[in-house]
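Worksheet: the structure to be examined is printed underneath.
FYI, it's all coordinate maths here, none of it is from the lab. Note that the structure is a prediction, hence the values are computed from the model and not measured.
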Amino acid sequence: MLSDFMGSYALWRSLPFPGLRRGENLLRAGENLALIHGDLALADEHVTQVILFVDEGVFRPSQADVIGLLEGVISRLERFGENLATEERAVVDTHYQYAVLLHKIYAEFLRIGAP
């Protein structure tokens, strides 16, 4: 299980954060992709606690509900992504895959690090 965690961790650390083109403001299903993007960035910041754990063995989870935040982002992206054009789909899919990866890493971090 630790090797899965480390593999996911290594993938996350090698991936660029999903991008939006400057001025891009996709609106759909009552959502704004730029706002979802911002929430994903916030979650990504909280997940950086995992770096300290991997590098130094210090288990210090965020005080925020990171799992809840990521589940919200994932759910919003699923709704947002329905019936999109190909170019828009690629942007949403990249955000979705990144959010799912963060969720997996953080959930494992909580499981492995908990006393």
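Return the single residue from L77, L20, L33 with maximal mean-square fluctuation; model: Gaussian network over the chain, springs between Cα atoms under 10 Å.
L20
Most fluctuating residue of G38, G57, G68 in a GNM of the chain with Cα springs under 10 Å: which is it?
Looking only at G38, G57, G68, the biggest GNM fluctuation is shown by G57.
To the nearest 10 degrees, how steeply does helix 86-113 sit against the main Cα axis of the chain, on a 0 to 90 scale?
20 degrees
Could you tell me which label, among (i) 14.8; (ii) 16.4; (iii) 15.3, carries the value of Kirkwood radius over Cα pairs in Å calculated for this structure?
Of the listed options (i) 14.8; (ii) 16.4; (iii) 15.3, (i) comes from this structure.
Could you work out how far helix 33-47 tilts from the main Cα principal axis of the chain, as a 0 to 90 degree angle to the nearest 10?
Helix 33-47 sits at roughly 0 degrees to that axis.
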